[in-house]
Amino acid sequence: MPIMISNKLLITGAKGQVGTELVTQATDRGHEIHAFGSKELDISNFEQVEKTVSALKPDVIINAAAYTAVDKAETERDLAYAVNAQGSENLALVCKKLDIPLLHISTDYVYDGEKKSAYIETDQPKPTGVYGASKLKGDQKIEQICPKHIILRVSWVFGEQGNNFVKTMLRLAEQRDELSIVADQFGAPTSAKSISTCLLDILQSQHFNASQCPWGVYNFQSDPGVTWFEFAQAIFQQANDIGCITKTMKLKPIPSSEFPTPVKRPANSKLNGEKLQKHFNISPANWKADLNTMLQAINNQ
Ligand SMILES: NC(=O)c1ccc[n+]([C@@H]2O[C@H](COP(=O)([O-])OP(=O)(O)OC[C@H]3O[C@@H](n4cnc5c(N)ncnc54)[C@H](OP(=O)(O)O)[C@@H]3O)[C@@H](O)[C@H]2O)c1
């Protein structure tokens with residue numbers, strides 16, 4: 001059970017999928033929020049980061065900012081590294097200097113997906129593209145520079161804000177009756193809502209920032225594990241039940257080879273969340289329930 005505590009929080013990337021949800025939930029929990037979109041605070045600019053953080057002196061920084069265009073990163077390498085690697089380093093340097101804990105979000109794309117079982121935190125990262133490599137570099141900089149850090153690895157993020165697989169499926173349902181969906185990549189959809197709840201529960205846990213705080217890298221597990229094809233099936237099933245769509249979509253399972261992308265996606269993206277459960281008593285998310293909440297919200301708009 002998280003303890004009731006009000007913190008002064010600085011949230012970066014506040015207009016993204018996770019950032020928006022974080023701001024809503026942190027506000028509901030009574031924290032003092034200082035939320036910055038990319039226009040207000042560019043994390044790749046060290047002077048800006050230092051000036052903003054020094055002026056505010058927050059209790060905690062949550063970094064939800066990132067360059068997240070996986071395929072585009074192959075041709076925008078410098079920008080991906082500026083945000084994901086240099087931006088993370090900038091935050092780590094200022095957090096270290098001012099003794100501020102840094103909560104950061106990482107990705108399943110730091111792994112190559114060749115492992116047969118769910119990834120644990122000590123598995124060797126081996127990104128297959130620029131996005132994953134730039135995120136890994138950011139994680140490593142934070143680990144090296146800022147002792148008071150929590151790096152939360154998540155996968156397949158969806159939410160009401162921004163672009164994601166759920167929204168793509170709903171949009172495609174307006175245009176087509178039949179879709180081919182990749183069925184040989186296994187992972188776990190994870191809602192922006194559950195990620196935000198997890199981060200706030202961590203910072204409101206008994207031993208957060210105490211002398212024995214178990215800083216480090218954590219996976220956030222979401223269940224059940226599925227392929228993109230099975231995820232699409234669940235989306236259309238729920239969307240029909242709720243009334244977001246009123247037709248039966250015909251779905252065809254295809255191998256990744258029939259849907260080539262500039263960056264090879266991990267065949268297995270499933271994350272094991274036992275460490276998070278053990279140290280912070282946080283259980284895996286239930287993405288089906290969160291999907292239902294999202295679709296209900298869309299239907300009520
Ligand atoms: N999306 C996924 O499926 C997924 C999967 C695993 C892990 N993650 C990780 O989860 C975290 C949150 O992802 P998300 O899905 O919420 O991403 P998102 O919706 O793309 O949001 C990222 C936000 O970061 C902002 N940003 C970009 N460059 C910035 C800069 N230089 N300074 C400050 N802000 C900047 C973006 O603003 P602009 O739009 O103005 O550029 C955007 O609002 C990221 O660390 C991501 O790597 C995401």
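Things worth noting here:
- Screening residue 238 on (1) open to solvent by 10 Å² or more (accessible area, probe 1.4 Å); (2) more than 18 Å from residue 294 (Cβ to Cβ) shows it passes everything except condition (2).
- One residue alone among 232, 285, 267 is open to solvent by less than 30 Å² (accessible area, probe 1.4 Å), over 18 Å from the mean Cα position of the chain (by Cα) and touching a residue at least 60 places away in the same chain (Cβ under 8 Å), and that residue is 232.
- Complete set of residues in segment 153-180 that are open to solvent by less than 40 Å² (accessible area, probe 1.4 Å), in contact (Cβ under 8 Å) with a residue 24 or more places away in the chain and away from the ligand (no atom under 16 Å from the Cβ): 170, 173, 179
- Count of residues meeting criterion [part of a strand (DSSP E or B) and touching a helix residue (DSSP H, G or I) at 6+ places or on another chain (Cβ under 8 Å)] in segment 217-245: 6
- Residue 117 being touching a strand residue (DSSP E or B) at 6+ places or on another chain (Cβ under 7 Å), more than 16 Å from the ligand (Cβ to nearest atom) and in contact (Cβ under 8 Å) with a residue 24 or more places away in the chain: no
- When residue 222 is tested against (1) open to solvent by 60 Å² or more (accessible area, probe 1.4 Å); (2) out of contact with any Gly (no Cβ under 7 Å at 6 or more places or on another chain), only condition (1) is not met.
- Residue tally, condition more than 8 Å from the ligand (Cβ to nearest atom), at pLDDT 95 or above, open to solvent by 10 Å² or more (accessible area, probe 1.4 Å) and within 21 Å of residue 55 (Cα to Cα), over segment 1-26: 2
- Extreme residue, most open to solvent (accessible area, probe 1.4 Å), among residues of segment 59-82 that are within 12 Å of the ligand (Cβ to nearest atom) and assigned to a loop (DSSP other than H, G, I, E, B): 68
- Residues (more than 8 Å from the ligand (Cβ to nearest atom), surrounded by fewer than 17 Cβ atoms within 10 Å (Cβ to Cβ) and part of a loop (DSSP other than H, G, I, E, B)) located in segment 30-58: 30, 40, 57
The values are calculated or read from the model by the stated rules, or taken from the named source; none is laboratory data. Here the structure is a predicted model, which means the values were calculated and not measured. Cβ coordinates were reconstructed from backbone atoms using ideal geometry, including for glycine residues, and neighbour counts include every protein chain displayed. These area figures cover heavy atoms from the full protein model, side chains too; ligands, DNA and RNA do not enter into them. Shrake-Rupley method; radii C 1.70, N 1.55, O 1.52, S 1.80 Å.
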